[in-house]
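Student: The following block contains the structure, expressed as structure tokens.
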Amino acid sequence: MTNASQTSSNAMWGGRFAAGPDAIMEAINASIGFDKRLYAQDIQGSRAHAAMLAATGIISDNDAKAIGEGLLTVLSEIEAGNFPFRTELEDIHMNVEARLKEVIGEPAGRLHTARSRNDQVATDFRLWVRDQMDAAIAGIEALIRALIAQAEQGADWVMPGFTHLQTAQPVTWGHHMMAYVEMLGRDLSRFRDARVRMNESPLGAAALAGTSFPIDRHMTAAALGFDRPAANSLDAVSDRDFALEFLSSAAICAMHLSRLAEELVIWSSAQFRFVILSDRFSTGSSIMPQKKNPDAAELLRAKIGRILGAMVALFTVMKGLPLTYSKDMQEDKEQVFDAADTLMLSLAAMEGMVRDMAANRPALEAAASAGFSTATDLADWLVRALGLPFRDAHHVTGTLVRKAEEKGVDLPDLSLEEMQAVHPGITVDVFAVLGVHNSVASRQSYGGTAPDQVRAQIARWKEVLG
Ligand code: ARG
């Protein structure tokens, strides 16, 4: 390498260039500012590649040894924070390789044999996203455990169930908590599925067409923990489905977190008082001393925006890209980095909030009986005990609700005589179905809100989680 090529154009690909890039070109082109996050994966991939080049006789064992050791030196420099990142070297791949050359000299130039930055970046990024999938799975599992602990404690605590945010029928606290466990369980399986699908190695696809060197892609795939090498080199360098699957799974998961966050915001208000959030996950107001704000829940309600935004951004980058690699694809990383950071923080914050919050059992129970929440139980009883068609039972119940409303009382507070005035067949047995506890206990259908059913689902989930 001559001095001229070092100063006037890129040291890695400057052979055919007479002049170096404009400063603005360098600014728009360089990714080192963000893709330095891939350093560990980049070095891991390069070490696997060098070992394979030696095993197949493409480079000498000595050169491979020098490369392998030199890369570890570079790794420790980066980890110690004294690696000289250089914008003019564009990205993490060329920064690492250039530094390797400074550290070990001539053998460094043999590392890039039978490889391109196209398969290199695809490999690095895949390894990084795979780690994030594992982190998401662990974070979701921790949150599920926190929800199960809440459900176990309040498996038979009654609360209002809502539709249209209007009191509908009494349900149990445990049942409501377990609803989120189901959602998060689907999120878990989405990440697990995606991880299986993405676990193929792009390394060795080279620029796009494969290589004439006798490489062993199975060897590098195995060394990097991939199940197999990707079967088509064109697809291998240009596929970013794994990142899109990560983002879409993350977006769905963040949507679930947002719904729970919204419930926590409502439930912690003075009007509901269904839960008391811990001080550790609340903030105060600088002007209103009485206030305790559910800021973490509010932020979690909003975080979906960033993750969904990242997903839309990357879909937009990828749509319409001709095969194979285009520089557009460099725009994949910041979106995924931010979405992954956001998701992991969101999962941790929600887990902390759920773990620390206290459900207000008396407030839940008082709200459960308000709003004629056992009207459906009364109608069902009229069908069961008196043999009324459901439509007639609905009408009789509606009349009784109106009567109770006029008197300003709840259904169980009407007298037997008052009920019989509406339908003479009603007997004293009706009172057995009117309390909220009777109501939830009767909902024994599979997946229903009866405490026995809730406990069965808790037991199933505990077995699933091991
Ligand atoms: N920094 C690039 C990226 O993130 C690496 C691959 C560059 N390949 C190339 N042929 N210019 O996509």
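The values are calculated or read from the model by the stated rules, or taken from the named source; none is laboratory data. Given the structure is predicted, the values throughout are model-derived calculations rather than measurements. Glycine also receives a Cβ, built like all others from the backbone with ideal geometry; neighbour counts cover every protein chain displayed. Side chains are part of the model used for accessible areas, which takes the heavy atoms of the whole protein and leaves out ligands, DNA and RNA. Shrake-Rupley method; radii C 1.70, N 1.55, O 1.52, S 1.80 Å.
Student: Just tell me which aspartates and glutamates come within less than 12 Å, Cα to Cα, of LYS403; anything on the same chain fewer than 8 places away is out.
Tutor: Output for LYS403: ASP413, GLU418.
Student: Another question about this same structure. May I ask you to derive the relative contact order of segment 237-360, considering only C-alpha pairs under 8 Å and at least 6 residues apart, and to give it as an integer percent? List each step's numbers first, then the result.
Tutor: Numbers: 137 pairs, mean separation 47.1, N = 124.
Relative contact order, segment 237-360: 38 percent.
Student: Right, something else. If we count every other residue with Cβ under 14 angstrom of ARG355's Cβ, Lys/Arg +1 and Asp/Glu -1, where does the sum land? The partial results should precede the final answer.
Tutor: Numbers: positive: ARG145, ARG280; negative: GLU141, GLU152, ASP279, GLU351, ASP356.
Every neighbour counted, the sum reads -3.
Student: Find the relative contact order for the chain and round it to a whole percent, using C-alpha pairs within less than 8 Å whose residues are 6+ positions apart.
Tutor: On the way: 659 pairs, mean separation 73.1, N = 466.
It comes to 16 percent, rounded to a whole number.
Student: Also, I was wondering about something else. Could you rank the peptides 455-464, 44-53, 140-149, 308-317 by their average count of other C-beta atoms within 10 Å per residue, with the highest value first? Could the numbers behind the result be given before it?
Tutor: Values: 455-464: 14.3, 44-53: 23.7, 140-149: 20.8, 308-317: 18.3.
Highest mean packing first, the order is 44-53, 140-149, 308-317, 455-464.
Student: Further question: On a straight-distance basis, which lysines could pair with LYS327 in a cross-link, Cα separation under 16 angstrom, same-chain partners fewer than 8 positions away excluded?
Tutor: Within the straight-line limit of under 16 Å, LYS327 reaches these lysines: LYS319.
Student: With +1 on each Lys and Arg Cβ and -1 on each Asp and Glu Cβ, how big is the dipole of the chain about its Cα centre, in debye rounded to the nearest 20? Mind showing how you got there, number by number?
Tutor: On the way: 44 positive and 58 negative charges, 34 e Å.
Magnitude of the dipole: close to 160 debye.
Student: Rounded to the nearest 500, what is the chain's calculated 222 nm mean residue ellipticity when only DSSP H runs of at least 4 contribute -39500 (n - 2.57) each, over all residues? Mind showing how you got there, number by number?
Tutor: Working: 20 runs with 291 residues, N = 466.
It lands at -20500 deg cm²/dmol.
Student: In terms of Cα to Cα distance under 27 Å, which lysines are near enough to LYS291, apart from those fewer than 8 places away along the same chain?
Tutor: Cα-Cα hits under 27 Å: LYS303.
Student: A further question follows. Give the accessible surface of segment 186-321 per residue, rounded to a whole number of Å², with probe radius 1.4 Å and ligands, DNA and RNA excluded.
Tutor: On the way: 6700 Å² over 136 residues.
Counting only protein heavy atoms, the per-residue value for segment 186-321 is 49 Å².
Student: Might you tell me the accessible area per residue for segment 382-432, computed with a 1.4 Å probe and given in Å²?
Tutor: Working: 3040 Å² over 51 residues.
Ligands and nucleic acids excluded, the figure is 60 Å² per residue.
Student: Let me ask you something else. Excluding VAL436 itself, what net charge comes from residues whose Cβ is under 15 Å from its Cβ, given Lys and Arg +1 and Asp and Glu -1? Could you put the intermediate results ahead of the total?
Tutor: Working: positive: ARG361, ARG443; negative: ASP156, GLU365, ASP377, ASP380, ASP410, ASP413.
Taking every Cβ under 15 Å from that of VAL436, the sum is -4.
Student: Return the carbon/sulfur percentage of the accessible area of the chain, one whole number, probe 1.4 Å, all protein chains in place.
Tutor: Details: 11630 of 21400 Å².
C and S fraction of accessible area: 54 percent.
Student: Tell me the net charge near TYR180. Cut-off is 13 Å between Cβ atoms, TYR180 excluded, with +1 for each Lys or Arg and -1 for each Asp or Glu. Don't skip to the end; give the middle numbers.
Tutor: Numbers: positive: ARG145, ARG186, ARG259; negative: GLU182, ASP187, GLU262, GLU263, GLU351.
Local net charge: -2.
Student: Now, a different point. When ligands, DNA and RNA are left out and all protein chains stay put, how many square angstrom of accessible area per residue does segment 65-148 have with a 1.4 Å probe?
Tutor: Details: 2880 Å² over 84 residues.
Heavy-atom SASA per residue in segment 65-148 reads 34 Å².
Student: Under a point-charge model restricted to the Cβ atoms of Lys and Arg (+1) and Asp and Glu (-1), what is the dipole moment magnitude of segment 83-165 relative to its Cα centre, in debye to the nearest 20?
Tutor: Working: 9 positive and 13 negative charges, 53 e Å.
The dipole of segment 83-165 has a size of about 260 debye.
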